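Quick notes on the structure that follows.
Only the coordinates and a few stated rules stand behind these numbers; no lab work does. Just so you know, these numbers come straight off a predicted model, no measurement behind them. Don't worry about glycine lacking a Cβ; one is built from the backbone with ideal geometry, like all the others, and counts go over all protein chains shown.
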Amino acid sequence: MQKYLVDEIREISLSMFRKNFFGIYHGSISARVEQDKFIINKKTAIFDGLNEDSLVEIYSKKDYRWNEASIDTDIHLNIYKNISEAKYVCYAMPPFTVAYTLSHNSIIPKDYFGAKRIGKTNIYDPKQFDDWYERADVEICRYFIEKNTNIMVIKGYGIYAYDRDIHNMAKNVALIENTCRVLLLAKDEKWR
């Protein structure tokens, strides 16, 4: 594996774990290595201690390595296959964002950085979770392409994001989480 990619993933993963964007075994992060190859966290990865042993190199053709890889691997692969500018992909579950999505259809930032950097963000409703992982790879990729965006907020589920720069990807997730936190705190203030 390319050491610089492992180091980038490790650094961002630790930061996102500390912000509670990743759970102990929940979430995923990957980096494209070549057109048909990327590295992604294993199913057993703990995000505050990722290293080369926590990651697996995946080719688009399925082989034994897919058994170790994150359950999100099909989603990451579909993004890489269909969106050439995707160099990094992540799935995060920031708690304020997930909570906000349960009772809203869009995120309209009231904070400066959210308004300037993100703007209004629609919340995608998967309708049901029973067959979500059977549909997710197609629906997520289609959403990115049709909406011409690199971030997708999913009701009750979390955020999928991709970018050419791993730091920008993490920053976008953090901006949405901060915006949702501000919106939820502001709502609480109205009732006091």
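Once you have a ≥ b ≥ c as the square roots of the Cα gyration tensor eigenvalues for segment 81-127, tell me rounded if a/c is under 1.5, and otherwise prolate or oblate according to whether a/b is larger than b/c.
Oblate.
In whole Hz, with x marking every Gly and Pro, tabulate ³J(HN,Hα) for segment 99-107 from phi via Karplus 6.51 cos²θ - 1.76 cosθ + 1.60, θ = phi - 60°.
4, 4, 5, 5, 10, 9, 10, 8, 10
What does the helix-only formula give at 222 nm for the chain: each DSSP H stretch with n ≥ 4 adding -39500 (n - 2.57), the total divided by the residues, and the result rounded to the nearest 500 deg cm²/dmol?
-12500 deg cm²/dmol
Just report the Cα centroid separation between segment 4-64 and segment 100-115, whole Å.
The two parts, judged by their Cα centres, are 28 Å apart.
Build a GNM of the chain with springs between Cα atoms under 10 Å: which of Gly158, Gly49, Gly23 gets the top mean-square fluctuation?
Maximum among the listed residues: Gly49.
Need one number: % antiparallel among DSSP beta bridges in segment 3-190, to the nearest 5.
If I count the DSSP bridges inside segment 3-190, around 95 percent turn out antiparallel.
Can you tell which of Ile75, Ala161, Ile46 lies farthest toward the positive end of the dipole of segment 3-190, using +1 and -1 charges on the Cβ of basic and acidic side chains (Lys, Arg; Asp, Glu)?
Ala161
Once you keep just the Cα pairs under 8 angstrom separated by 6 or more residues, what percentage relative contact order results for the chain?
Relative contact order, the chain: 22 percent.
Classify the chain: rounded, prolate or oblate, from the alpha-carbon gyration tensor (a ≥ b ≥ c, eigenvalue square roots; a/c under 1.5 rounded; otherwise prolate if a/b is larger than b/c)? Don't jump to the answer; show the numbers that get you there.
Values: a/c = 1.83, a/b = 1.58, b/c = 1.15.
Note, shape of the chain comes out prolate.
Which one of Leu5, His104, Val89 is farthest out on the positive end of the charge dipole of the chain, using unit charges on Cβ (Lys, Arg +1; Asp, Glu -1) and the Cα centre as origin?
It is His104.
What distance in nm separates the simple spin-label points at Arg135 and Tyr25, each placed 7 Å from Cα in the Cβ direction?
A separation of 2.6 nm, rounded to one decimal place.
Test of understanding: given the chain, find the longest segment containing no chymotrypsin sites (Phe, Trp or Tyr not before Pro) that are in a DSSP loop and have at most 15 other Cβ atoms within 10 Å.
Values: sites that count: Tyr25, Phe129, Trp191.
The longest uninterrupted stretch comes out as 26-128.
Going through segment 61-99, which trypsin sites (Lys or Arg not before Pro) have at most 12 other Cβ atoms within 10 Å and a DSSP loop state?
Values: sites: Lys61, Lys62, Arg65, Lys81, Lys87; in loops: Lys61, Lys62, Lys87.
Sites meeting the loop and neighbour criteria: Lys61.
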